[in-house]
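Step one of this worksheet: look at the structure below.
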Amino acid sequence: MNLTENTIYRHDELGEVLVLGVHHIFETYDPDSADGRLRSRVVRYTAEWDDYGPMPSSVRTTPVDEFRTVVGDTVRTWEGVEWSTNDPLD
């Protein structure tokens, strides 16, 4: 299963979770050659979010292989609200 950023999945323990991204963690990495020795891959996700994104301190990380064992089907794509510093405050 490929995990997709900004997608809501069914989680066995938490209900619906929003995947924020999948990240590579390297032992070593050379930016000039864009090559490195991969240590692990983790998924960033949250079970608490609103239209603007994840709630502070609710973001979790789990190794991708472990996450795949507790996550099921895609529920829907999350489409958050765009916010700009130019938006007037009410």
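Of all the residues that make up segment 6-55, how many are closer than 19 Å to D73 by Cβ and surrounded by 14 or more Cβ atoms within 10 Å (Cβ to Cβ)? Write out each step before concluding.
Quick first cut of segment 6-55, residues closer than 19 Å to D73 by Cβ only: 6-20, 22, 43, 45-47, 49.
Among the residues that remain, those that are also surrounded by 14 or more Cβ atoms within 10 Å (Cβ to Cβ) are: 7-11, 14, 17-20, 22, 43, 45-47, 49.
Qualifying residue count for the region: 16.
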Starting from segment 66-79, take each residue that is free of Cβ contacts under 8 Å to residues at least 40 places away in the same chain and surrounded by 14 or more Cβ atoms within 10 Å (Cβ to Cβ) and list its partners that are part of a loop (DSSP other than H, G, I, E, B) and among the polar types (S, T, N, Q), counting only C-beta distances under 7 angstrom and pairs at least six apart or across chains. none
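Which residues, counting only those in segment 48-86, are of a type in the set (D, E, K, R) and not in a strand (DSSP E or B)?
E48, D51, D65, E66, R68, E79, E82
Which of the residues belonging to segment 6-47 are without any contact (Cβ under 8 Å) to a residue 60 or more places away in the chain, part of a loop (DSSP other than H, G, I, E, B) and within 18 Å of T69 (Cα to Cα)?
Filtering segment 6-47 for residues without any contact (Cβ under 8 Å) to a residue 60 or more places away in the chain gives 13-17, 19-47.
Within this subset, residues satisfying the condition of being part of a loop (DSSP other than H, G, I, E, B) are 13-14, 31-34, 47.
Result: E13, L14, A47.
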When only residues in segment 61-82 that are within 15 Å of I8 (Cβ to Cβ) and among the charged types (D, E, K, R) count, which is modelled with the highest pLDDT? R76
Report, by residue number, each residue of segment 1-58 that is more than 14 Å from the chain's Cα centre (by Cα), closer than 28 Å to E82 by Cα and modelled with pLDDT of 95 or more. L14, G15
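The values are calculated or read from the model by the stated rules, or taken from the named source; none is laboratory data. Just so you know, these numbers come straight off a predicted model, no measurement behind them. Neighbour counts run over all protein chains shown; Cβ positions are idealised from the backbone, glycine included.
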